[in-house]
Amino acid sequence: MASIQQGPNGPVLVLKESALQQKGKDAQQNNIAAAKLVAQLVRSSLGPRGLDKMLVDSLGDVTITNDGATILKEIDVQHPAAKMMVEISKTVDNEVGDGTTSSVIFGGALLARAEDLLNKDVHSSTIIDGYQAASDKTLEIYSNLAKKIQPDDKASLLKIATTSMQSKLISEDSTLISKIIVEAILSIATKYGDDYSVDLENIKVEKKAGGSIDDTQIVKGIVLDKEIVHSGMPTKIENAKIALINSALEIEKTELSAEIRITDPTQMQMFLEEENRMLKSMVDKLHDIGANVLICQKGIDDISQHYLAKYGIMAVRRVKESDMIKLSKATGGRVISNLDDLSENDLGSASLAHQKKVESDKWVFIEGCKHPQSVTMLIRGGTQRVIDEVDRSIHDSLMVVKDVIEKPAIVAGGGAPEAFAASLLKDWADNFDGRVQLAIKKYAEALETIPLTIAENAGMDPIDTMANLRAKQNQGQKWTGIDAKNLKISDMMAINVVEPIAVKEQIIKSATEAACMVLRIDDVISISGAPGGGGTPPMG
């Protein structure tokens, strides 16, 4: 047992009896094997011809997706080194939204190449030095390669959004949906000097099964999955003046339990009339300042509903706080806590507020806002699973358009920049002495895994394809990549397959950091009860 050392006065026990320790090469090989397995899991889902995975959880719920981050999040990874690979995909997903599959495949390839070097007795510190130097050089190559664009150049943004969808379920409808995405993002983008910033919180996504994917639409305003509170209220109001209230239109109950002693029936009548009068005065206030739509975050009393209906005011109650904030941004109204403070200037405006039937539910649409800082995307599709996958695809697409607006530079897709950087790295490695040179060359090989995998998943011959790709790039055609849709090598810029430089940079940074972290580990100590502990060796 590795946890027992022989001391001067007999054996010394440092760890628990049941603890397991793996040292040196064993530990490294085990960790690398686990990380490679994770990369293997998502490998077949890369590129336009990548395949989907069906994930079934313990409750029997099914998720069908080819989004790397979703696949790795849904499967319950136990091995500690494998968990580090899952974290790469989470980081890339949160940071730039796309490129999750590429980052895990690249991380796995870096470790597989490192294993070759470790077997030849190259020290892990040397490999790490080489990888980090290669990573910095790759980022430099990318930034020289990138093509600058205008952040509000609609044509480029459409290309970016469409490219992001090519590997997804919605690739057939990408033309329509990319228009919706670009329109949504440009309407909520805020300009600071020459720079833009985009907060995706301001895009509300509503999903409803039914219709087909091309029924997906953008609403210049907010869709509330609520119905109007009273049947006597109008269901359609043009030129809406909207009051946003986050207090209840009810008589407040006292905090402490109190009782009112009534000695005379007329007092009871007065008591009820006073309640009625208070509720009516609240509604009168709304009517006096010209509000014809009321959106309330809390409850609305039956009596208040009656008066609102009498005045022809459309009302919706118990709306989420996040929706209230979005409504405020969309309509220009202010959310008011105290009705006494409400004035005409606090009202929001929209050209139309109406209740519409979406499948079996009634929803309230507030649309036609003049300069909405918040909009809604209404996603439709044949089944709930299709809609969930469309939602994931749209999230990736929204993120990449945001990335480009915030950092307006693009490169070609189809593995072109990776192949280009790989060939430059191989030449650059010759400037180094000793074994670091080997690590840099292995880094370049790992970069080529991306175009290689795209070709494999499309059913193309990987060896011929990579040979042709290198030849074309060496002739100076730097944007040559793999056009998996048409099963050939093409100039990816010419066929409008473009990606944000921000995504490419994040893939390099995350994968390199994770690979170096795994390579630094030379000792794995599993305490009983931990994954891989309890008397059985960690899974490989």
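Taken residue by residue, region 335-352 has at least one member that is under 32 Å from the mean Cα position of the chain (by Cα) and surrounded by 22 or more Cβ atoms within 10 Å (Cβ to Cβ). Only a single criterion out of (1) closer than 26 Å to Gly97 by Cβ; (2) outside any helix (DSSP H, G or I) is not satisfied by Leu398, namely (2). For region 202-221, name all the residues that are closer than 17 Å to Glu183 by Cα and not in a strand (DSSP E or B). Correct list: Asn202, Asp214, Asp215, Thr216, Lys220, Gly221. Can you confirm whether region 45-54 contains a residue that is basic (Lys, Arg), farther than 30 Å from Ala419 by Cβ and in a loop (DSSP other than H, G, I, E, B)? No, that holds for no residue. Of the helices (runs of 4 or more DSSP H) entirely within region 114-199, those holding at least 1 residues that are more than 30 Å from Gly434 (Cα to Cα) and not assigned by TED's automatic domain parsing to the domain that holds Lys441 occupy 154-165, 174-188.
Out of all the residues in region 413-435, is one or more within 22 Å of Val400 (Cβ to Cβ), among the charged types (D, E, K, R) and in the same structural domain as Arg113 (by TED's automatic domain parsing)? For region 413-435, residues within 22 Å of Val400 (Cβ to Cβ), among the charged types (D, E, K, R) and in the same structural domain as Arg113 (by TED's automatic domain parsing): present.
Number of residues in region 152-177 that are under 20 Å from the mean Cα position of the chain (by Cα) and free of Cβ contacts under 8 Å to residues at least 24 places away in the same chain equals 1. Confirm whether Ile64 is assigned to a helix (DSSP H, G or I) and among the hydrophobic types (A, V, I, L, M, F, W, C). Considered against the rule, which asks whether it is assigned to a helix (DSSP H, G or I) and among the hydrophobic types (A, V, I, L, M, F, W, C), Ile64 comes out as no. Taking region 488-528 and the strands (runs of 3 or more DSSP E) fully enclosed by it, the elements with 3 or more residues that are out of contact with any Leu (no Cβ under 8 Å at 6 or more places or on another chain) and surrounded by fewer than 23 Cβ atoms within 10 Å (Cβ to Cβ) are at 488-491.
Listed residues Ala291, Ala243, Ala309, Ala248; which is in contact with a His (Cβ under 7 Å, 6 or more places away or on another chain) and surrounded by 12 or more Cβ atoms within 10 Å (Cβ to Cβ)?
Numbers: Ala291 fails: in contact with a His (Cβ under 7 Å, 6 or more places away or on another chain); Ala243 fails: in contact with a His (Cβ under 7 Å, 6 or more places away or on another chain); Ala248 fails: in contact with a His (Cβ under 7 Å, 6 or more places away or on another chain).
Within the list Ala291, Ala243, Ala309, Ala248, the selection yields Ala309.
Among the criteria (1) buried (at least 20 other Cβ atoms within 10 Å of the Cβ); (2) outside any strand (DSSP E or B), the one Lys226 does not fulfil is (1).
The values are calculated or read from the model by the stated rules, or taken from the named source; none is laboratory data. Computed from a predicted model, the values in this text were never measured in an experiment. Please note: Cβ atoms are built from the backbone with ideal geometry, for glycine as well, and neighbour counts cover all protein chains shown.
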